[in-house]
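**Student:** Take a look at the following structure, please.
The numbers here are math on the coordinates, done by the rules we state, and not lab data. Remember, it's a predicted structure, so these values are computed and weren't measured experimentally. Reconstructed Cβ throughout: ideal geometry from the backbone, glycine too, with neighbour counts over all protein chains shown.
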Amino acid sequence: MSNESSIKKRRVENGAKKDSNHSKIYQPFRAIGYVTNEIPYVVNNHGQEYFLTTCVGSSFQTYNLGKMNLLFVSTPTAKPISALATHRKLIYAATGNCIIGYKRGKEVSRVGGQGDFNITQILILGAYIAALCDDNTLKLWDTTNGADTVELYTEIEFGEEFTATNMLHPSTYLNKILVSSTQGTMQIWNIRANKLVYQFAYFGAPITCLAQSPVVDVVAIGLLDGTTILYNIKADEKIDSVRQDDRVTAITFRTDDEQFMATGNMHGDVALWDLSERRLAHIMKNAHDGFITSLTFLHNQPVLVTGATDNSIKQWIFEKHNSVPHPFKSRSGHHAPPSKLKYYGEELKTILSAGRDHSLRSFSTVRDAQNFEFSQGHLARKAKKHGVSMDDLKLPQIIDFDVNDAKVKEWDNIITCHGNDNACRTWSSKTKKLGAHTLMSTDKSAVKSTCISSCGNFGYLGCASGIVDMYNMQSGQYRKTFNGHKKPITGLTTDTIHRYLITASVDKTIKIWEIKTAKVVHTIDLESPVVSIRYHTENDLLAVVCDDLSIRVIDLETKRTVREFWGHRNRITDFTFSPDSRWIVSASLDGTVRTWDLPTGAMIDIFKVEDIVTCLAFSPDADFLATGHVDNNGIFLWANRTQYANVSLRSIPDDHDAKLLALPTLNGSEEEEADQDQDSDIEETVEPEKTVDQLTDKMITLSMEPRSKWQNLLHLDTIKMRNKPKEAPKLPEKAPFFLPTLPGAKAQFNLETIVTKNDKDSDSKRIQFSQLDTDTEYAKLLRSGHEADGKYESFVEYAKSLSPSAIDVEIRSFTIDGELVLLNYYLEAILYMLTTRKNFELAQAWLSVFLNIHGDLIVSNPSNPIHGKLESILQLQGNEFGRLSEQIHYSLCLIDFTRRT
């Protein structure tokens, strides 16, 4: 068995293709917004280029450090990745009790997989793979003979007095590994001989990290108390030590002309030490907003790469003889879950996201390199000056925002309101930073909701006191106040032409205001306090979520509630319209995501996720549903299966058990293939539904043929003239003279070898004149239909299979005799189609072409029975069109009566 086939077999055994991971409408697509987590990254170089690989749960991502662009994402593993390592062009990831080798994100090898343990760190030593495990052992695999025959080479068991934490392969030490412990001691092991070489004395505190210095025999030892020791392991001698605040989490050394060491701690600080002068050169205070996991100085370059648990990777560059670095390049995402999502931009492929980390970010669903965070000013400089973190200086958490691209080139196009804040801020998606205006509520009460007018000129502030303030987005000047609600405002929106303002409040009312006069035009009373509203401008529908766990849809033209949806068992966290306003998608604290169909008033889809959905948004082209979840920093995209598959949107009862779905991964290709395989299996087993050509013989039924079948036939002369070639077409090669042709519109040769002989002379091969048959298949079916008492089903089915040009040729090629036999039979077939009320539009097109071609011949034979057939067709068509017109007028009157009442 080959390595690839064994990998596929393992995937099937692990259950990747046992159960489909999608609901009727939504299928997990992929996750965006993830950069790194608490697992240390790894850096390797190919020639002059450096590549950085970060862990993101069950997958890893590889970036080009020169451009900081994402190259590829690995296929997901069954368990979260616990360690990474790299060797040449391969990346190794530890997951559970096995180590998987990848090449360009695709699995190529696997070792381990047996035993009850989890791997915490891995080292690649040529053909050997060493792993430090949580059962306090060090395991070694030998891959010399290939990945298919890998077996455990040796296992080192540490005693109870030595709990291993980290391991390091010292430079130039053959087959030696240095292992540290929580007891504050170190050991050197010969892994080939499975023998303890040397044990060091106690260092004064538990060891948290190890790093190789540029000098042979010298390693850096990071301790829990913040001390970093430079130690000569060959001489067992301490060289120097430095100390920082809190535990040491990462260490690296600069390898260019400057002799610097960088150390990181748990609070996101990076300390830079000048080793030549043995002093602290600089502290990069709050370099990250989380635990520093990795530090790396690029080889012979003044560039420091840092990684932390705040979901970010940063590069810092040093100027010559300057110990203070400057931000160079970075990639980051939310380091707290997003709280609100909305699509925006020209191509509508970008998501605006407000997170609980007090940031406003933009994520592209197409190109990862276009993600960015909106700037809030020089926060790093202020944080350094005042000695606080950047999060403390950011604006309060955004609780609501709105974006409008109508005036994006002229002035700010985003407005946000913040928790327990009486002001809204404006932002610009063009300059990617905080805008110039701060819009204060006139009564100094907290702003609870906000929106921008459809024209992009005005911003509205819904306050906790119940008033709504209107500001100019260009100048930031106050315009007017709408005062009518008694309790906090929970929703704001304007109509398409900015004539009316719609407001919702906790006082159980929705008010419609005339913006010009600031007066209430209409008030809609509800049974429960309003939580939030969503407005669909094209259909003038307003969806309202209330405290009683219902979703009500109000038609603003009639001011009436036209739909009510009940079913959620807990508070509704967010909801949205689909772009065509046919669906409403809602999420709740009960863990379900439900899709409601407005035309039928029924629930058509439901699924459940382990992590509650807190916010969602539907893409404007209806391709994806974007969701944000509790305890997840990324944004998850769900593909709309109705865009590419036949989905039966039937009503689902309220007591239907919701299917538990796994969240999308960063690379969903494998799951999509699995779902496609399952869908194909299901299609083979499901019996096809029975369909009928006509529900009742009283209905006029059209054919299922494309519109071009009959439309192009009516304009065939125009099409031929338009498509006439500029040069005469080349004649096809002549077939051998002895191949007879078959009659018909298509040029076909009679390849049958049967030769009819003359009855009188059995040796003669001469064909009699009576044996010549000039009728085409088209004409033969007409004759057989007449002989079958006027049943022309076979003729109609055959004619439907022909192209418009072939039908035109067949009608022109009728054999003309004195009685016009074929012409009479053709009109009988048309009369049959009209009588049975099937293929109605084809009958009209075929009759029109027939009369255009043979009209002169019919007029020149007034005594032929063909005139009686034409009168019958004319009378039948008049009756049918009269009946159809009566039904249409009745329906129009009924609709008009319903609208007026």
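**Student:** If I take every Cα pair under 8 Å that is 6 or more residues apart in the chain, average their sequence separation and divide by the length, what percent do I get for the relative contact order?
**Tutor:** Relative contact order for the chain comes out at 7 percent.
**Student:** Assuming R0 = 25 Å, what is the FRET efficiency of ALA662 and LEU589, from their Cβ-Cβ distance, to the nearest 0.05?
**Tutor:** 0.80
**Student:** Among SER784, THR54, PRO488, whose Cα lies farthest out toward the positive end of the dipole of the chain, if unit charges sit on the beta carbon of Lys, Arg (+1) and Asp, Glu (-1)?
**Tutor:** Of the candidates, PRO488 comes out farthest on the positive side.
**Student:** With θ set to phi - 60°, apply the Karplus curve 6.51 cos²θ - 1.76 cosθ + 1.60 along segment 237-243 and write out the HN-Hα couplings as whole Hz, x wherever there is a Gly or Pro.
**Tutor:** 9, 7, 9, 6, 8, 10, 9
**Student:** Please give the length that would be gained between LEU851 and GLU819 if that part of the chain were fully extended, namely 0.36 nm times their separation in residues minus their C-alpha to C-alpha distance (nm, one decimal).
**Tutor:** 9.8 nm
**Student:** Continuing with the same structure: Round to the nearest 0.05 the FRET efficiency obtained for LEU874 and GLU527 when R0 = 51 Å and r is the Cβ-Cβ distance.
**Tutor:** The calculated FRET efficiency here is 0.25.
**Student:** Return the Cα extents of the chain along principal axes one, two and three, sorted largest first, each rounded to a whole Å.
**Tutor:** So the three principal-axis extents are 124, 92, 58 Å.
**Student:** At a 10 angstrom cut-off on C-beta neighbours, averaged per residue, how do the peptides 605-618, 552-565, 865-878, 26-39 rank from highest to lowest?
**Tutor:** With the highest mean Cβ count within 10 Å placed first, the list reads 26-39, 605-618, 552-565, 865-878.
**Student:** Within a 10 angstrom radius of the beta carbon, how do GLU538, GLU880 rank from fewest other beta carbons to most? Intermediate results must be reported in sequence, preceding the final value.
**Tutor:** Values: GLU538 10, GLU880 15.
If I rank by nearby Cβ atoms, fewest first, I get GLU538, GLU880.
**Student:** Using label points projected 7 Å from each Cα along Cα→Cβ, tell me how many nm separate MET704 and GLU155, to one decimal.
**Tutor:** Here the modelled spin labels are 6.3 nm apart.
**Student:** By Kyte-Doolittle mean hydropathy of at least -0.5 and Cα axial length of at least 18 Å, which whole DSSP H helices of the chain are selected?
**Tutor:** Long hydrophobic helices here: 821-836, 840-859, 866-900.
**Student:** Here are some pairs, LYS314/LYS409; LYS448/LYS486; LYS24/LYS79; which of them have Cα atoms lying more than 24 Å apart in this structure?
**Tutor:** Among LYS314/LYS409; LYS448/LYS486; LYS24/LYS79, the Cα-Cα distance tops 24 Å for LYS314/LYS409; LYS24/LYS79.
**Student:** Through the Karplus equation 6.51 cos²θ - 1.76 cosθ + 1.60, θ set to phi - 60°, convert the phi angles of segment 188-199 into ³J(HN,Hα) values in whole Hz; use x for Gly and Pro.
**Tutor:** Residue by residue, segment 188-199 yields 10, 10, 8, 6, 6, 8, 6, 9, 6, 8, 7, 10 Hz.
**Student:** Mind scanning LYS382/LYS444; LYS349/LYS430; LYS394/LYS430; LYS342/LYS511 and naming the pairs with a C-alpha gap bigger than 18 Å?
**Tutor:** LYS382/LYS444; LYS394/LYS430; LYS342/LYS511
**Student:** Size of the dipole of segment 336-525 about the Cα centre, Lys and Arg at +1 and Asp and Glu at -1 on the beta carbon, nothing else charged, in debye to 20? If you can, show how the numbers build up before the last one.
**Tutor:** On the way: 28 positive and 19 negative charges, 74 e Å.
Dipole about the Cα centre, nearest 20: 360 debye.
**Student:** Could you check the spin-label model distance between SER276 and LYS89? Points 7 Å from the Cα along Cα→Cβ, value in nm.
**Tutor:** Label at SER276, label at LYS89, 4.0 nm between them.
**Student:** Arrange the following residues from fewest to most other Cβ atoms within 10 Å of their Cβ: GLU107, GLU155.
**Tutor:** With the fewest neighbours first, GLU107, GLU155 line up as GLU155, GLU107.
**Student:** With θ taken as phi - 60° and the coefficients 6.51, -1.76 and 1.60, list the Karplus ³J(HN,Hα) couplings across segment 473-480 in order, rounded to whole Hz; mark glycine and proline as x.
**Tutor:** 6, 6, 9, x, 7, 6, 10, 6
**Student:** Kindly state, to the nearest 0.05, the FRET efficiency for ASN194 paired with PHE72, given R0 = 35 Å and r defined as their beta-carbon distance.
**Tutor:** For ASN194 and PHE72, the calculated efficiency is 0.40.
**Student:** Now for a separate question. Ranking SER588, SER171, SER550 by Cβ neighbours within 10 Å, fewest first, what do you get?
**Tutor:** By the 10 Å Cβ count, ascending, the order reads SER171, SER550, SER588.
**Student:** At 222 nm, what value in deg cm²/dmol follows for the chain if DSSP H runs of at least 4 each add -39500 (n - 2.57) and the sum is divided by all its residues, to the nearest 500?
**Tutor:** Values: 12 runs with 155 residues, N = 901.
Theoretical 222 nm ellipticity from helices: -5500 deg cm²/dmol.
**Student:** Something else about it: Using alpha-carbon pairs under 8 Å, 6+ residues apart, how would you state the relative contact order of segment 336-525 in percent?
**Tutor:** About 11 percent, as a whole number.
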